[in-house]
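Input: a single structure, listed below in structure tokens.
The values are calculated or read from the model by the stated rules, or taken from the named source; none is laboratory data. Quantities reported herein were computed from a predicted structural model and do not represent experimental measurements. Note that each Cβ is placed from the backbone with ideal geometry, even for glycine, and that neighbours are counted across all protein chains shown.
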Amino acid sequence: MNPVGKPGKTGSLMPVETALARLLEMADATRVLERERLPLAQVQGRVLADDLLSTLDLPPWPNSAMDGYALRTADWTGEPLVVSQKIFAGQAPEPLKPGTCARIFTGAPVPAGADCVEMQENAEVLADERVAFIEAIKPGQNIRPQGQETTVGELVLPAGTRLGPIEQGLAASLGCAELDVVRKVRVAVLSTGDELIEPGQALGPGQIYNSNRVLLCSWLQRLGCDVVDAGILPDDLDTTRTRLGELKDVDLILSTGGVSVGEADFLGIALREEGELSLWKLAIKPGKPLTFGHFRGVPVIGLPGNPASTLVTFALLTRPYLLRRMGVRDVEPLKVQVPCGFDWPVAGNRREYLRGRLENGRAIIYKNQSSGVLRSAAWADGLVEVLEGRTLVTGDSVSFIPLSEVLV
Ligand code: AMP
Ligand code: MG
């Protein structure tokens, strides 16, 4: 097994891409295949289990895109036309009488025989109730053709799509009342550290409040996971073994803390004894130490305990891993290129994810980028990515990952 290495020089650190590729490979191999059928209103945040094929043409019939008049272009000679019927949305029209027009409203089916709709603004109702059309009329004008959006049998949403309000709306437009989704991934969250106590209790000497627990539990819920809140784990080997052993029926044990230096790394010892362990020194800042392994067959990810490190390693590594286990293909967050509004004179040997925001179109960063400072991330609305070996001057282009991209 790979022992805890010396703090890395550039060469000994694992690039973020390598770590992500390994995690995704393991996620692919342990994809959750069980599924459940849910009412459409309850699928938000879940992952579609099967390809969704259209069972209809959408729209099912040609309909009017405007309030106006339906007519046959060939019937229009420039002379006013008699209105032979009125068609509202929701009605089934009669075929259009030759030589006439039909009053029609947005969304109403276009009657057979009509090939265009002229909007009412370009029509004039004469005293004798005939309608004069002011402009030239073209076939197809203002008609939404049958099957414009989709036709029967067409792939509308592939399996592995994460479902949100837009996908729910689209499925509804196809008449789906229920969808088959991948069952929730069950994640146990453990916070390790003798110094931790829960908010609400009085702070004793040397103690700090546990911030990672609620941060990860809420985030996981947003990702559509079933969360098993396994509380605080003291820095003690026996307790670590026992408590890990109790976490059955979960798809992942996610712990924080205790991965930086070997001494208090009881998680690592327990994994070595009853499973397997890889300790990665990542070229990432904040972050760096990350544990991946198994305990009695259950995958375990151990994130560094400093809250900003927890946040960054969860956002960039754990989140994609979990989404991939649910069968999502596209798991990496969107990065946008923006000019930086700060100088970065000293190149680092790790890729930095600075907590920053966009101000007047430029990325600026929080004044204190310490990995213990979670406030930096509350202030921020994104992560500014500074590549290893890179220096920056104001105006250089940098990648910016909006936090809104990774928080869901
Ligand atoms: P560790 O990875 O256990 O060495 O912890 C690194 C730093 O993160 C230490 O300052 C810990 O006190 C702090 N830390 C670890 N876990 C948590 C937590 N759950 N909430 C807040 N801070 C933590
Ligand atoms: Mg610790």
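At a glance:
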| read-out | value |
| --- | --- |
| Tally, over region 223-232, of residues that are touching a Gly at 6+ places or on another chain (Cβ under 8 Å) and within 12 Å of ligand 1 (Cβ to nearest atom) | 1 |
| Lone unmet requirement of (1) within 21 Å of V373 (Cβ to Cβ); (2) at pLDDT below 95; (3) more than 15 Å from ligand 2 (Cβ to nearest atom) for S218 | (2) |
| Qualifying position, being among the hydrophobic types (A, V, I, L, M, F, W, C), within 15 Å of ligand 1 (Cβ to nearest atom) and assigned to a strand (DSSP E or B), among L254, L216, L267, L220 | L254 |
| Residue satisfying condition, being in contact with a Ser or Thr (Cβ under 9 Å, 6 or more places away or on another chain) and among the hydrophobic types (A, V, I, L, M, F, W, C), within set L354, L323 | L354 |
| Breaking point among (1) under 26 Å from S397 (Cβ atoms); (2) in contact (Cβ under 8 Å) with a residue 60 or more places away in the chain, for P345 | (2) |
| Residue within region 274-291 that is of a type in the set (D, E) and away from ligand 2 (no atom under 12 Å from the Cβ) present | yes |
| Tally of residues being among the small types (G, A, S) and surrounded by 18 or more Cβ atoms within 10 Å (Cβ to Cβ) across region 366-398 | 5 |
| Every residue from region 386-405 that is closer than 15 Å to R357 by Cα and aliphatic (A, V, I, L, M) | V386, V398, I401, L403 |
| Subset of region 47-103 (residues that are among the aromatic types (F, W, Y) and free of Cβ contacts under 8 Å to residues at least 60 places away in the same chain) | F88 |
| Some residue of region 169-190 being within 16 Å of ligand 2 (Cβ to nearest atom), surrounded by 15 or more Cβ atoms within 10 Å (Cβ to Cβ) and more than 22 Å from the chain's Cα centre (by Cα) | yes |
| Residue satisfying all of: in region 293-315; among the aliphatic types (A, V, I, L, M) and buried (at least 24 other Cβ atoms within 10 Å of the Cβ); nearest to ligand 2 (Cβ to nearest atom) among these | L303 |
| Residue within region 314-334 that is farther than 16 Å from D28 by Cβ, in a helix (DSSP H, G or I) and not hydrophobic (A, V, I, L, M, F, W, C) present | no |
| Selected residue (only one of I197, I253, I232 is among the hydrophobic types (A, V, I, L, M, F, W, C), surrounded by 14 or more Cβ atoms within 10 Å (Cβ to Cβ) and without any contact (Cβ under 8 Å) to a residue 40 or more places away in the chain) | I197 |
| In region 33-59, the residues that are in a loop (DSSP other than H, G, I, E, B), within 13 Å of G169 (Cα to Cα) and out of contact with any strand residue (DSSP E or B) (no Cβ under 9 Å at 6 or more places or on another chain) | Q44 |
| Single residue of region 292-314 satisfying the filter (out of contact with any Asp or Glu (no Cβ under 9 Å at 6 or more places or on another chain), of a type in the set (G, A, S) and touching a residue at least 40 places away in the same chain (Cβ under 8 Å)) that is farthest from R351 (Cα to Cα) | G305 |
| Which numbered condition S211 fails, given (1) farther than 29 Å from R31 by Cβ; (2) more than 31 Å from the chain's Cα centre (by Cα); (3) of a type in the set (G, A, S) | (2) |
